[in-house]
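Quick notes on the structure that follows.
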Ligand code: B12
Ligand code: SF4
């Protein structure tokens with residue numbers, strides 16, 4: 001018998017931008033007794049049904065966007081006599097749906113690092129439980145991925161997670177609810193060893209698949225000190241110190257390595273942190289800007305973020321410290337007006353963000369927005385092809401609306417068209433060429449142009465467009481461009497590369513305070 005792990009996708013491009021990390025982590029979690037699992041990433045190519053035999057175990061990961069395809073794969077596998085197990089964020093939130101529509105034998109909720117092994121063992125014994133609660137494991141328990149099972153020629157970037165969870169509570173985001181508000185930080189040694197194994201294979205571009213790379217703000221530290229909360233101050237300082245240790249180690253890796261992460265804009269306050277990022281070759285970060293007006297920020301519960309010129313300045317700080325920004329903006333918020341679209345793109349251009357994404361408001365399950373919408377819909381549910389709109393992921397993609405929640409003043413079409421125009425303006429050839437000046441040489445500049453166009457095509461071209469000819473053309477273009485980009489990202493493998501030698505530290509590492517937590521003596525009196 002074999003174990004198969006399937007990453008479902010309706011769109012196969014032959015080459016993918018980023019490795020789906022769960023696939024390689026679950027491979028590491030697969031009990032040795034069943035041998036190496038067979039990994040199928042459908043964003044490369046679709047699964048071959050004949051590869052599944054009776055008695056095999058098939059693990060399928062679903063997020064909301066690929067749930068429908070995932071259920072189809074599961075039904076196919078069950079029909080062929082396999083054990084079917086689901087996991088991932090969507091299955092965590094809707095286990096009953098996976099059992100019913102995906103014909104699962106079992107669903108693993110939460111983290112799979114430990115629970116997947118139990119599910120496999122029980123399937124082998126012919127007695128899987130319906131639900132396994134993987135919960136939220138500690139950072140130290142996160143498994144390193146099995147990169148030896150990856151096809152390196154198929155991906156541009158590999159992904160390594162350094163931290164899970166986020167202390168914020170944005171209304172459109174499920175992370176703080178499903179992954180917790182307590183940051184779960186992985187030991188930096190494990191992160192670095194994994195990155196070294198990827199560089200050996202020829203990967204120099206690594207996406208740090210983090211919820212928020214800056215888990216401790218200066219305000220958090222200040223508050224803990226003002227409240228005389230020594231335990232909290234120690235805890236936060238330890239987290240911060242380990243962030244710096246990680247970055248120090250990353251800085252010792254081959255100089256051609258490039259990292260990219262996700263971070264909140266608050267990091268602009270911390271020059272030391274941004275400098276450490278630059279030295280660590282963390283050259284870019286996705287920042288959820290979401291909205292540019294105070295009303296918009298309040299609507300998404302991000303009123304801790306600044307707006308207007310202050311926002312421009314904060315975004316510019318990243319670039320000044322050598323960290324490029326991929327700004328992420330949401331359109332379709334109830335506070336949006338027609339003028340918001342131009343104001344947003346102008347802000348993005350003024351702030352000099354290197355990349356930007358403009359997504360349309362989607363109520364993802366598990367979020368505050370989703371809960372509110374579901375309540376509103378409860379009395380008179382809107383149906384599309386017989387499916388309640390609050391289960392939009394079950395509507396066939398060809399007839400699925402592009403927006404789900406009505407806007408008080410604009411139609412969905414108006415929002416979609418205006419969003420498309422914003423993408424077109426931000427990613428026109430002239431604007432991209434101008435932005436590409438930030439690269440060090442012509443080769444990098446060409447890579448930048450290709451990547452910008454690919455990014456725009458993959459997100460805006462296939463997602464927003466309602467016109468099927470445009471969508472098809474867009475997919476073809478994305479397929480061709482991704483092949484060219486792959487070549488630009490390839491690096492010479494370094495099979496002999498070793499992890500940097502770590503000197504044994506006598507006792508716990510010295511805790512790193514920011515300057516405002518001042519003199520050593522005051523710190524000692526607080527933590528004594
Ligand atoms: C890195 C990341 C990205 C990266 C890389 C994506 C990639 N190809 O890997 C980028 C920036 C490209 C990205 C894009 C998007 N992302 Co994203 N992303 C993440 C992030 C931060 C980490 C994902 C990750 O790699 N984690 C590491 C792995 C190891 O963890 P994991 O996937 O959760 O898997 C564990 C468990 O879930 C479980 N498990 C998972 N699968 C299975 C299967 C089985 C059988 C079992 C037993 C267990 C199991 O075990 C694993 C190990 O513990 C998550 C947030 C999060 N905390 O999950 C959001 C997240 C997954 N993204 C999200 C979204 C919405 C998107 C976008 C739609 C954003 C947008 N509007 O464009 C796109 C969609 C891209 C796509 N088509 O997949 C949402 C999904 C919400 C939902 N309900 O589906 C999340 C949860 C963030 C959020 N704000 O809520 N994303
Ligand atoms: S959107 Fe970002 S900052 Fe807000 S809760 Fe989610 S991960 Fe945290």
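Values for this structure:
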| quantity | calculated |
| --- | --- |
| Relative intensity, log₁₀ I(q)/I(0), of the range 337-432 from a Debye sum that treats every alpha carbon as a point, q = 0.21 Å⁻¹ | -1.09 |
| Per-pair calculated FRET efficiency, R0 = 22 Å: residue 483 and residue 51 via Cβ, rounded to 0.05 | 0.30 |
| Fraction of beta bridges assigned by DSSP in the chain that are antiparallel (%, nearest 5) | 10 percent |
| For the chain, calculated [θ]222 nm from helices alone, where every DSSP H run of n ≥ 4 adds -39500 (n - 2.57) | -12500 deg cm²/dmol |
| Calculated FRET efficiency for the pair residue 502/residue 127, C-beta based, R₀ 35 Å, to 0.05 | 0.20 |
| For the range 266-313: rounded, prolate or oblate by the Cα gyration tensor [a/c cutoff 1.5] | prolate |
| C-alpha center-to-center spacing [the range 23-51, the range 276-315] in angstrom | 38 Å |
| Rg/Rg_ref, the range 172-260, where Rg_ref = 2.2 N^0.38 Å and atoms are Cα | 1.29 |
| Relative contact order (%) - criterion: Cα under 8 Å, at least six apart; region: the range 163-249 | 30 percent |
| The range 327-382 - percent relative contact order, Cα under 8 Å, separation 6 or more | 42 percent |
| Label zone at residue 304 (point 7 Å along Cα-to-Cβ), backbone N below 19 Å, the range 338-377 | 367-369 |
| Antiparallel bridge percentage (DSSP; both residues within the range 46-201; nearest 5) | 15 percent |
| Extension gain from residue 193 to residue 21, taking 0.36 nm per residue of separation minus the Cα-Cα distance | 60.3 nm |
| Global form of the range 1-101, assessed from the alpha-carbon gyration tensor, a/c cut-off 1.5 | rounded |
| Inter-site label distance for residue 428 and residue 141 at 7 Å from Cα along Cβ, in nm | 5.4 nm |
| Pair residue 201, residue 394: separation of 7 Å Cα→Cβ label points (nm) | 3.7 nm |
| Gain upon complete extension [residue 421, residue 320; 0.36 nm per residue less C-alpha separation] | 33.5 nm |
| Relative contact order for the range 282-369, counting Cα pairs under 8 Å that sit 6 or more residues apart, in percent | 35 percent |
| Spacing of the two label points (7 Å from each Cα toward its C-beta) at residue 234 and residue 378, in nm | 4.5 nm |
| Shape of the range 197-346, Cα gyration tensor, a/c cut at 1.5 | oblate |
| The range 158-195-the range 398-430 distance, computed between alpha-carbon centres (Å) | 31 Å |
| For the chain, alpha-carbon Rg and Dmax in angstrom | 23.3, 69 |
| Residue 385-residue 512 FRET efficiency (beta carbon distance; Förster radius 56 Å; 0.05 resolution) | 0.50 |
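Bear in mind that the values in this text are calculations on the coordinates, not laboratory data. In this text the structure is predicted, and so the values were computed from the model without any measurement. Cβ atoms come from the backbone with ideal geometry, glycine included; neighbour counts cover every protein chain shown.
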